[in-house]
1. Exactly one of (1) modelled with pLDDT of 95 or more; (2) loosely packed, with under 14 Cβ neighbours inside 10 Å is unmet by residue 321. Its number?
2. Looking at the stretch 147-162, I want the residues that are without any contact (Cβ under 8 Å) to a residue 40 or more places away in the chain and within 27 Å of residue 281 (Cα to Cα) and have a partner that is near the ligand (Cβ under 10 Å from one of its atoms) and in a loop (DSSP other than H, G, I, E, B) with Cβ atoms under 6 Å, at least 6 apart or on another chain. Which pairs are those?
3. Please tell me if residue 296 is farther than 30 Å from residue 95 by Cα and in the same structural domain as residue 62 (by TED's automatic domain parsing).
4. Of the conditions (1) more than 16 Å from the ligand (Cβ to nearest atom); (2) farther than 19 Å from residue 173 by Cβ; (3) in a helix (DSSP H, G or I), residue 45 satisfies every one except a single condition; which number is it?
5. I need the full set of residues from the stretch 152-180 which are assigned to a strand (DSSP E or B) and within 12 Å of the ligand (Cβ to nearest atom), in order please.
6. Does at least one position in the stretch 181-188 carry a residue that is at pLDDT 95 or above, over 20 Å from residue 29 (Cβ atoms), surrounded by fewer than 20 Cβ atoms within 10 Å (Cβ to Cβ) and within 12 Å of the ligand (Cβ to nearest atom)?
7. Filter the stretch 211-220 down to the residues that are at negative phi, in a loop (DSSP other than H, G, I, E, B) and surrounded by 15 or more Cβ atoms within 10 Å (Cβ to Cβ) and list them by number.
Ligand SMILES: *Cc1c(COP(=O)(O)O)cnc(C)c1O
């Protein structure tokens, strides 16, 4: 079966050389040398400051909410977010005792529509949690303007936006914090892992304590904390993947360029923010009806190719856990008609051509 995404596996020799260091030092976790090295290298590669590595992208969101005081207070709070995302954006809020309030997305960019945000703000609203969905930049200026006017924090879930530049600088430098996921299926990964990029140094310092039980010295505990540390073994994978990232990105760009060239007059595509670069993390397309979307998935299944309905369902339709009464018809509509196509660095060229050929045939028939 051809998967929709495949983890990038770095050279074993390279990985072994990092693991040799772990054996020499006999140091496996607690801010070890490789975690420190990966932190520095990522700050340099991404052109950011105040980056904190954590155990996964979900904890990155949770720690960001805590460090910024959005959660962990006794008051009942709300955050405005998008229903068109991976479940962790909203479930991490709920887990932290913050009610996610869904606001609808823009029909073309699939990111939060800023013109709908203000009507959702109440006296309990503390934050906006937008997602740069599939790596596309949100309307950052409009969101920042609303946040400033109402004294709200902004945490960007930038899990898809590794390496994206916005107006010539890293997209991760916008908002009070931006979070990344380094899950195996992401563009850059550490097996499991994640990071938070804080705007302010003092928030970084607070979060550093929080990810290690609040411990600040052998006999001092200064914060309510949890364990969200990244291990040396995960950092070793991350460093090996980062050493080869240019090759990975080059290969993915070739796949993405071919899809884009061939499919530009077929299906509906995400309209990219003019000020943002592309990182080709995902290849999403939208069909005309849900019926043909289901048909397309089955059509490819028969050829042993995974075309995945993603993100589906829209989170405002998930019963019990997240449902609130907000109507988000645009998100519901896009989610019911969207699929993501296979992309990874060693996707065979013949498979890529096969996928495109059948997408064009399918579009003609529908
Ligand atoms: C992957 C992802 C997450 C969660 O990251 P994990 O590292 O798997 O915990 C959160 N938000 C979005 C948008 C994601 O795609």
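1. Every listed condition holds for residue 321 apart from (1).
2. Once the first residue is without any contact (Cβ under 8 Å) to a residue 40 or more places away in the chain and within 27 Å of residue 281 (Cα to Cα) and sits in the stretch 147-162, its partners that are near the ligand (Cβ under 10 Å from one of its atoms) and in a loop (DSSP other than H, G, I, E, B) give 158/132.
3. no
4. Looking at each condition in turn, residue 45 falls short on (2).
5. Passing the criteria: 155, 156, 157, 178, 179, 180.
6. Yes, the stretch 181-188 contains at least one residue that is at pLDDT 95 or above, over 20 Å from residue 29 (Cβ atoms), surrounded by fewer than 20 Cβ atoms within 10 Å (Cβ to Cβ) and within 12 Å of the ligand (Cβ to nearest atom).
7. 211
Yes/no per residue for (1) assigned to a helix (DSSP H, G or I); (2) touching a strand residue (DSSP E or B) at 6+ places or on another chain (Cβ under 8 Å):
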site	(1), (2)
273	no, yes
280	no, no
291	yes, no
300	yes, no
312	no, yes
319	no, no
334	yes, yes
353	yes, no
362	yes, no
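The values are calculated or read from the model by the stated rules, or taken from the named source; none is laboratory data. All figures in this text were calculated on a predicted structure; none of them were measured in a lab. No Cβ is skipped: glycine too gets one built from the backbone with ideal geometry, and neighbour counts run over all protein chains shown.
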